[in-house]
Amino acid sequence: MEFTSINSFLVLITSDIDNFMYTYILVALLVFTGIYFTIRTRGVQFRYIKDMFSQLFEKKVDKGGKTISSFQAMMVSTGSRVGTGNIAGIATALAIGGPGALFWMWVMALVGAASAFIESTLAQIWKVRAGDGQFRGGPAYYIQQGLGKRWMGILFAISLIACFAIGFNELQAYNAASALEYYIPDYATNGAAVVMGIVLTAFTGLVIFGGAHRISVINSWVVPIMALAYIGLGVFVTITHLYLLPEAFGMVFQSAFDFTAIFGGFAGSALMLGIKRGLFSNEAGMGSAPNAAASASVSHPAKQGLVQTLSVYIDTLFICTCSAMIVLVFMVQDPQTAAGLNGMPLVQMALHHFAGDFGIGFITIAVFLFAYTSLIGNYFYAESNLKFIVGERKGVVFWFRVACLAIVFIGCLSSFDLAWNVADILMGFMCIINLIAILLLGKWALKCMDDYARQRKEGVDPIFHASSIPGLPKCECWSDEFDVHIEQAVAEQAVAKQEER
């Protein structure tokens, strides 16, 4: 067989690997893990919705300038979750897999939220304090400390670095550059993609050379603003076209339960595309968000577990749904035009249909910001795992940052199919390792949840003591000295709240 280019050959190979991994391994493992932890936690993702919001704005218990709050940690993870996949990825799933992909995204978010609680709670239990005073952690850290298998932790760290520093950064950069195609046809061949690569690389470099604290500050401002603006646009389109919603939702449910299409072409079905794009979007169970969860300064691990569960809902049930409704209403109103489009061009034409040139300008800016916050959030995860392997070697970290910036630039020049395939494959590898780890370590997160629930029933602000869970493998940041420090901080916060009243 002759291939017209190296790119077409790579697309073919990566497509085969991608389809095999998800069809025969990952879908079953994701669904099993989510259902298993939903049962074991008695639906923690539903029972504690009120607590998710109350814990979101808890002040950090560590007064060090480099530590970050629960809200800032969630913004780092949300910044990484809420990327161009929420726009281009949703459009791709709906165009290729059918409108029913949205339904399966919802299902994966609701079920996977239990896995998100477990992995983020584990990350808090086995976080460590770095030399600069910041907290660091994630699957690599809880695999090493909880399971006592450093080799497995290193394997996860390598897979995460490959996924986020290469796969996801390439894809986010590609999607940001592809948004220029409406204004500059054939942008990839006339220099526009190079200009976008230079701009995006420069802006990313300004932040990642500033460290985790700068990343959290940037995302704490940019993420809420862009998310609210995008949700607002989606709500506007939905409300002004209410009469089309019955037909739109009819398409969703008809496609979602079209079992002939599902089993006849499983790899490209609404079920498969919904699961893949849902995982890419909300990252529940993937092992990425725990890296951000571990950085939060909180008094109890379960608090950050609940907050990160809320982030899954924000990503899929709000932002992804807004993207989907814009596209679905467009499909109903102008099916002929929509049928020939995919990815970013589909979203752009939908918004042009509803809001004219303003819609195109808005989505172009939104895509850039979504990509930007994802890039710096992705780097935060990758650096944390690099330091797990090599320690605090400033020279290695410096050149790693340079390499990450090079990937961002290259991504702006990539192609659609190859960018998505590489991201899916690398995401799949790290997800499999993490799911195995949380299934083995999940009992400690469950006991931590029970400890949180017990204290809440007693009417006190939960404070975690490692000694209260018999047999818990040693965790560095929850020593007796650390416990005393937390108790003092919580007591001071309680007095401050009382004085405010």
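Within the range 351-367, is there a residue that is at pLDDT 85 or above and of a type in the set (Val, Ile, Thr)?
Scanning the range 351-367, I find no residue that is at pLDDT 85 or above and of a type in the set (Val, Ile, Thr), so the answer is no.
Which numbered condition in (1) touching a strand residue (DSSP E or B) at 6+ places or on another chain (Cβ under 6 Å); (2) closer than 18 Å to SER288 by Cα; (3) surrounded by fewer than 21 Cβ atoms within 10 Å (Cβ to Cβ) is the only one that GLU476 fails?
Single failed check for GLU476: (2).
Go through the range 194-237 and count every residue that is assigned to a helix (DSSP H, G or I), among the aromatic types (Phe, Trp, Tyr) and either at pLDDT below 70 or closer than 26 Å to PHE164 by Cβ (or both).
Of the residues in the range 194-237, 3 are assigned to a helix (DSSP H, G or I), among the aromatic types (Phe, Trp, Tyr) and either at pLDDT below 70 or closer than 26 Å to PHE164 by Cβ (or both).
If you go through the range 324-362, how many residues are farther than 25 Å from PHE253 by Cα and touching a Gly at 6+ places or on another chain (Cβ under 7 Å)?
Summing the residues that are farther than 25 Å from PHE253 by Cα and touching a Gly at 6+ places or on another chain (Cβ under 7 Å) in the range 324-362 gives 1.
Please work out which residue is modelled with the highest pLDDT, limiting yourself to the range 5-27 and to residues that are among the hydroxyl-bearing types (Ser, Thr, Tyr) and surrounded by fewer than 13 Cβ atoms within 10 Å (Cβ to Cβ).
Of the range 5-27, the ones among the hydroxyl-bearing types (Ser, Thr, Tyr) are 5, 8, 14-15, 22-24.
From what is left, the residues that are surrounded by fewer than 13 Cβ atoms within 10 Å (Cβ to Cβ) are 5, 24.
Values: SER5: 69, TYR24: 75.
The residue in question is TYR24.
In this structure, does THR321 turn out to be of a type outside the set (Gly, Ala, Ser) and under 30 Å from LYS443 (Cα atoms)?
no
Among the residues of the range 85-114, which ones are over 22 Å from ALA176 (Cβ atoms) and not in a helix (DSSP H, G or I)?
Once the filter is applied, which keeps residues that are over 22 Å from ALA176 (Cβ atoms) and not in a helix (DSSP H, G or I), the range 85-114 yields GLY97, GLY98, PRO99, GLY100.
Would a scan of the range 336-344 turn up a residue that is modelled with pLDDT under 85, crowded, with 22+ Cβ neighbours inside 10 Å and either closer than 20 Å to GLY232 by Cα or among the acidic types (Asp, Glu) (or both)?
yes
Here is a yes/no grid of residues against (1) at pLDDT 75 or above; (2) over 22 Å from CYS412 (Cα atoms); (3) among the hydrophobic types (A, V, I, L, M, F, W, C); (4) buried (at least 21 other Cβ atoms within 10 Å of the Cβ):
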position	(1), (2), (3), (4)
ALA140	yes, yes, yes, yes
TRP151	yes, yes, yes, no
ALA162	yes, no, yes, no
ALA165	yes, no, yes, yes
ALA173	yes, no, yes, yes
PRO185	no, no, no, no
ALA192	no, no, yes, no
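Matching residues to (1) at pLDDT below 80; (2) on the phi > 0 side of the Ramachandran plot; (3) hydroxyl-bearing (Ser, Thr, Tyr); (4) touching a strand residue (DSSP E or B) at 6+ places or on another chain (Cβ under 7 Å):
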site	(1), (2), (3), (4)
LEU29	no, no, no, no
ARG42	no, yes, no, no
ARG47	no, no, no, no
GLY89	yes, no, no, no
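Scan the range 99-123 for residues that are more than 16 Å from the chain's Cα centre (by Cα), closer than 29 Å to LEU341 by Cβ and surrounded by 24 or more Cβ atoms within 10 Å (Cβ to Cβ) and jot them down.
PRO99, GLY100, ALA101, LEU102, TRP104, listed by residue number.
Between residues in the range 125-139 that are closer than 13 Å to ALA73 by Cα and residues that are modelled with pLDDT of 90 or more and assigned to a loop (DSSP other than H, G, I, E, B), which pairs lie under 8 Å by C-beta distance while being six or more apart or on different chains?
Sorted first by the residue in the range 125-139, then by its partner, the pairs are PHE135/LYS127; ARG136/LYS127; GLY137/TRP126; GLY137/LYS127.
Please tell me if GLY131 is modelled with pLDDT under 90 and not in a helix (DSSP H, G or I).
So GLY131 passes the test.
Determine, yes or no, whether ALA324 is touching a residue at least 60 places away in the same chain (Cβ under 8 Å), part of a helix (DSSP H, G or I) and over 13 Å from LEU94 (Cα atoms).
No, not satisfied.
Please tell me if PHE330 is assigned to a helix (DSSP H, G or I), buried (at least 22 other Cβ atoms within 10 Å of the Cβ) and touching a His at 6+ places or on another chain (Cβ under 7 Å).
The answer is yes for PHE330.
For the range 380-399, which residues satisfy the criterion of being touching a residue at least 40 places away in the same chain (Cβ under 8 Å), more than 13 Å from the chain's Cα centre (by Cα) and not in a loop (DSSP other than H, G, I, E, B)? Spell out the reasoning first.
Residues of the range 380-399 touching a residue at least 40 places away in the same chain (Cβ under 8 Å): 380-389, 392.
Next, only the ones that are more than 13 Å from the chain's Cα centre (by Cα) stay: 382-389, 392.
Within the range 380-399, ALA382, GLU383, SER384, ASN385, LEU386, LYS387, PHE388, ILE389 meet the criteria.
Yes/no per residue for (1) crowded, with 21+ Cβ neighbours inside 10 Å; (2) under 19 Å from LEU160 (Cβ atoms); (3) among the aromatic types (Phe, Trp, Tyr):
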{"site": "ASN421", "(1), (2), (3)": "yes, yes, no"}
{"site": "GLY428", "(1), (2), (3)": "yes, yes, no"}
{"site": "ILE432", "(1), (2), (3)": "no, yes, no"}
{"site": "LEU440", "(1), (2), (3)": "no, yes, no"}
{"site": "TRP444", "(1), (2), (3)": "yes, no, yes"}
{"site": "LYS447", "(1), (2), (3)": "no, no, no"}
{"site": "ASP450", "(1), (2), (3)": "no, no, no"}
{"site": "GLU458", "(1), (2), (3)": "no, no, no"}
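Within the range 446-458, does at least one residue satisfy the condition of being at pLDDT 85 or above and in a loop (DSSP other than H, G, I, E, B)?
Checked the range 446-458: at least one residue is at pLDDT 85 or above and in a loop (DSSP other than H, G, I, E, B).
Take PHE156 and decide whether it is buried (at least 23 other Cβ atoms within 10 Å of the Cβ), farther than 14 Å from SER295 by Cβ and modelled with pLDDT under 95.
Judged against the criteria, PHE156 is a match.
The values are calculated or read from the model by the stated rules, or taken from the named source; none is laboratory data. Please read these numbers as outputs of a predicted model, since none were measured by experiment. Because the Cβ atoms are built from the backbone with ideal geometry, glycine has one as well, and the counts that use them run over all protein chains shown.
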